[in-house]
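See below for the structure under consideration.
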Amino acid sequence: MAILELIVILIVAVTISNIVSHFIPEIPISLFQIAIGLFLALVCGIYVEVDSEWFMLLFIAPLLFNDAWRFPKHELWELRGPILGNSIILVILTTLVGGFLMHLLMPQLPKSVALALAAVISPTDPVAVQAIARRVKLPENVMHIVSGESLINDASGLVSFNTAIKATIAGTFLIGEAIGNFFWMTIVGLAVGLILGSFVSWLRDSFDRVGLNDVVFHTVVTLLMPFVIYWVAEDIFHSSGVIAVVAGGVLSKILSDLHMNARSPEINVVTVRTWEVFVYLLNGTIFILLGIELPAAMKDIVRSTQVHTGMAIFYGVAVWFIIFTIRTFWAYGTQITYHLKHKERAISFRMAIISGLTGVRGAVTMAAVLTVPSTIADGSAFPQRNLLVFVAAVVVIISLLVATIMLPIVTKQRTTHDFTQPEVGEVETSSTHESKVDLTEAQARIFSIRIGIQVLREQQNDHNRIIVYELIGRKQQIIDQIYRQLNKSNDHKVNIEDDRELRRVALEAQRNCLRQLLADEKISILTYSSQNRRLDRLENMIDSDKHYHLSTQWIIILWRRTLRSIRIWISDESTDQFREESSMATKEMAKEAIQSLSEYMEKYTGDTVSHRMERQAAYNLIIFYRNQIEKERHPDTPEQRELDDRYRMELEIKALNVERETIQQLYEQGRISRQAGVNIRQFINYAETAALAGRDEE
């Protein structure tokens, strides 16, 4: 039970960090997750004892498999020299030179532990770099190198780390034995990964040939692959599970791409999205566990007579500076080498500094360092384990902070990329096309949605009127949401005061109608008070600009509805009578609101932009009230609900098809950028998938 509670707490913590990061996007989300972990440890008293074996299996295996699946093959080939140099030679250089310097800096660290520390902080984290890169314009080659090197240096760094840790546990470090063990783990692990990757791909293809194109089956198989490959390599062949997972992931991706056309597109989409969510949770959980682990490590350091807390922090900063210096001078030396071969390539120390700053350490480093065992072979404590964990954590935090602060300064450029929106692949654009763009992505979305609304109006008839009103209302809500986002970003000023005035006009008409119904004794006091409270809530929302999606507001509304139901049940009036009166009052009030809006808009008959916007806003409200009337008139039977579902799907697909065609026309006319077109079409495709999801009609 305790494990289940911990899992729920960790997932909720990751979700909270995502919400906070949305409102403060300038700070990497990893720092928020570490802070939440500290809060859970210090305030809630949560402590997690990490077991190295299950931690490597649960976190390292799927993270590396995901990196392998997304391996940038094209960039790897184009930049194979610097990528392989950074991922192999630089890792070995960082491990040996950095480990030697760290041992000099911290004499209390045995040489094998210092080498393990240098090895574990050698892998870079492309996810953290990409999060920062969305706010600054990094050179494309730098980003491609970071993405390409990350996978290989994860493997090489972790193999070196495991070798040093095993030497520390055994109590001896023989260079010959270490090299032999390194090659055994690498070669056998590579073979295991390739064999199992080929077998799983053959298994999936065999099921495809017999017609088993089941989405759940293929998704579950890809989720299980890294765990099975890692377990077989580590426990059966005693080789490197890290190398095996990387090799299996790369080969599986290559073989999967060869058979992509023969496989259902739904399988590819669902698999990719499932892995994105899974890896996001794993990444976040690692940093939260790091935050939970830090207080225990700090407490042990404080009690230590050898290292003071302030000195431990200094060690962490110094270690980061060591690896930053090694990476920067390595990048500068690489530039000199390429300049000697290709004279047209200029040498820039600023580019070397940028390369050094992009060496951000992240989830793989923390996942690996948390696997360091507490004891060694003779039963004694692992030497300076807490100092090792603490220094590695400081290096991760410092690398994130320095990159966040310094990269915008060093590059001297910021991007206009909207990093609060879901990620999609960037596409190349031509300058000739971009020069003619006159619509932003938000404007193009609004334009296409309004075209879709026009199509829905044209499809309206007596049978589908309520569905048309419903779909138009949804699309108008999307437009309103886009306008609100534009207002928050201060990019566009949309006057919403006129919209509030229209809502007040309609609300006052409904109040007058409700009073008249009570005076004419067409409704009871109970119905009047219930409807009047609903109007009060609407008025409060207009004045405070609140919306129903606020959870606290929903709780209050639900509580009031519960009390109202109890009052109806214990009153001398029947529930059916109350419902009939409420339905009649709703229809009559909606009619009065429509009438008042029509009369109010008679003064906005001009052809100016403001008058057209007023008429559009009034029409949106009129559609809302017409929908209310239709809902009260519409029969609610199983047959009718089935028919409505069919109308809803057909109309929504028609509107989305027109929106997609509109976006394509805007792009062909050069009015939107290619990236904007890709983003909007992807949104439309998701909406279409959601509309068709679960439809299995004969």
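Readers should treat all values here as calculations from the given coordinates under stated rules, not as data from a laboratory. Owing to the predicted nature of the structure, the values given are computational and were not obtained by experimental measurement. Reconstructed Cβ throughout: ideal geometry from the backbone, glycine too, with neighbour counts over all protein chains shown.
Taking only alpha carbon atoms, region 2-411 gives an Rg to Rh ratio of 0.96, where Rh is the Kirkwood radius. For W202, neighbours were defined as the other residues whose beta-carbon sits under 13 Å from its Cβ, and their charges (Lys and Arg +1, Asp and Glu -1) total 0.
Look at I286, I472 and count the other Cβ atoms within 10 Å of each Cβ; fewest to most, that gives I472, I286. With θ taken as phi - 60° and the Karplus curve 6.51 cos²θ - 1.76 cosθ + 1.60 applied, the whole-hertz 3J(HN,Hα) list for region 383-391 is x, 6, 4, 5, 5, 4, 5, 5, 5 Hz, x standing for glycine and proline.
Over all other residues within a Cβ to Cβ distance under 14 Å of A392, the charged ones net out to 0, with Lys and Arg as +1 and Asp and Glu as -1. Other residues lying with their Cβ under 15 Å from the Cβ of L101 contribute a combined charge of +2, Lys and Arg counting +1, Asp and Glu -1.
Counting neighbouring beta carbons within 10 Å and listing from fewest to most, the residues L31, L535, L289 come out as L535, L31, L289. Compared with the alpha-carbon gap, the fully stretched path from D378 to T440 is longer by 15.7 nm at 0.36 nm per residue. Of the peptides 367-373, 86-92, the ranking by mean beta-carbon count within 10 Å, highest at the top, reads 367-373, 86-92.
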